[in-house]
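Just below is one structure, and these are the notes that go with it.
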Amino acid sequence: GDSVTQMEGPVTLSEEAFLTINCTYTATGYPSLFWYVQYPGEGLQLLLKATKADDKGSNKGFEATYRKETTSFHLEKGSVQVSDSAVYFCALDGTASKLTFGTGTRLQVTL
Amino acid sequence: DGGITQSPKYLFRKEGQNVTLSCEQNLNHDAMYWYRQDPGQGLRLIYYSQIVNDFQKGDIAEGYSVSREKKESFPLTVTSAQKNPTAFYLCASSMGSGSATDTQYFGPGTRLTVL
């Protein structure tokens, strides 16, 4: 079945550092891929998505490229801010529009 | 503003009681979903509905029930049969088109605590 594997957290960075959160997936066919962000006590917000191989999703300085050859969708940001502190979830859209989520990666950004 | 609302934000229940969580959307979406989130885990799908008056079990449906009598509403009942109901519950909706561009949008969640 479908599965998503994310790097374990927490990830602790200083402000303005470069961020990478790894995500790899297993799926049949050609799923769409998503990154969602969850701030403390809140629901999930869509951060970015990509629907086909080599697509790059981007939003708020974050970006991720759909790499079919390595079955990956790593999240990157060139310069993180304290306000980026949150839990980040990678997900894929498999059959019947059902999302499969990774376990989430907590990011903590310090001054 | 269009969006998904969930109520209440916090809910406390005594053991042995059923409780219903509300989810409403005004996005004109056909599909709606319920997820459960536990600490250190990803979201797990409880039930989903792609059209009014129809719904399917997700990966962890035991101890839960749903209804979909209106397009805008998808309430979730946590029954006394659910052995470990304390969790954060998230509702989502999407167009349900099944296309590659279909995207799920989430409500703010309800935190259920069993006392």
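No value in this document is a laboratory result; all are computed from the given coordinates. On a predicted model such as this, the values are computed, not experimentally measured, just so you know. With ideal geometry, Cβ positions are generated from the backbone for all residues, glycine too; neighbour counts draw on all protein chains shown.
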Study note, to complete from the structure: Within the stretch A:60-111, the count of residues that are in contact (Cβ under 8 Å) with a residue 12 or more places away in the chain, in a helix (DSSP H, G or I) and among the aliphatic types (A, V, I, L, M) comes to 1
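For the stretch A:26-39, give me the residue count where each residue is farther than 23 Å from B:L90 by Cα and either part of a strand (DSSP E or B) or of a type in the set (V, I, T) (or both). I'd like the intermediate steps shown before the answer.
Applying the first criterion (farther than 23 Å from B:L90 by Cα) to the stretch A:26-39 yields A:26-30.
From the residues that got through so far, the ones that are either part of a strand (DSSP E or B) or of a type in the set (V, I, T) (or both) too are A:26, A:28.
Qualifying residue count, the stretch A:26-39: 2.
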**Study point:** One residue from A:T70, A:T105 being within 11 Å of chain B (Cβ to nearest Cβ) and either surrounded by fewer than 16 Cβ atoms within 10 Å (Cβ to Cβ) or β-branched (V, I, T) (or both)
**Key:** A:T105
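Report, by residue number, each residue of the stretch B:103-114 that is touching a Lys or Arg at 6+ places or on another chain (Cβ under 8 Å) and at the interface with chain A (Cβ under 7 Å from one of its Cβ atoms). Quick ask: steps written out before the conclusion?
In the first step, residues of the stretch B:103-114 are kept if they are touching a Lys or Arg at 6+ places or on another chain (Cβ under 8 Å); the result is B:103, B:108-114.
Of everything in the stretch B:103-114, those that are touching a Lys or Arg at 6+ places or on another chain (Cβ under 8 Å) and at the interface with chain A (Cβ under 7 Å from one of its Cβ atoms) turn out to be B:T103, B:P108, B:G109.
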Review point. In the stretch B:31-51, what residues are touching a strand residue (DSSP E or B) at 6+ places or on another chain (Cβ under 7 Å) and of a type in the set (A, V, I, L, M, F, W, C)?
Key: B:A31, B:M32, B:W34, B:L43, B:L45, B:I46
Point to revise | Within the stretch B:92-102, considering residues that are at negative phi and crowded, with 16+ Cβ neighbours inside 10 Å, the one farthest from the other protein chains (Cβ to nearest Cβ) | key: B:S93
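Residues checked against (1) more than 19 Å from B:P39 (Cβ to Cβ); (2) in contact with a strand residue (DSSP E or B) (Cβ under 6 Å, 6 or more places away or on another chain); (3) not polar (S, T, N, Q):
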residue	(1), (2), (3)
B:V66	yes, yes, yes
B:A87	no, yes, yes
B:S94	yes, yes, no
B:G98	yes, no, yes
B:G107	yes, yes, yes
Exercise for review: Would you mind finding the one in A:E16, A:E42 that is within 11 Å of chain B (Cβ to nearest Cβ), among the acidic types (D, E), surrounded by fewer than 18 Cβ atoms within 10 Å (Cβ to Cβ) and part of a loop (DSSP other than H, G, I, E, B)?
Suggested key: A:E42
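Quickly run through the stretch B:21-58 and pick out the residues that are of a type in the set (D, E), surrounded by 14 or more Cβ atoms within 10 Å (Cβ to Cβ) and over 11 Å from B:C91 (Cβ atoms). Show your work before the answer.
Filtering the stretch B:21-58 for residues of a type in the set (D, E) gives B:24, B:30, B:38, B:54.
With surrounded by 14 or more Cβ atoms within 10 Å (Cβ to Cβ) added as a condition, the list becomes B:24, B:30.
Passing the criteria: only B:D30.
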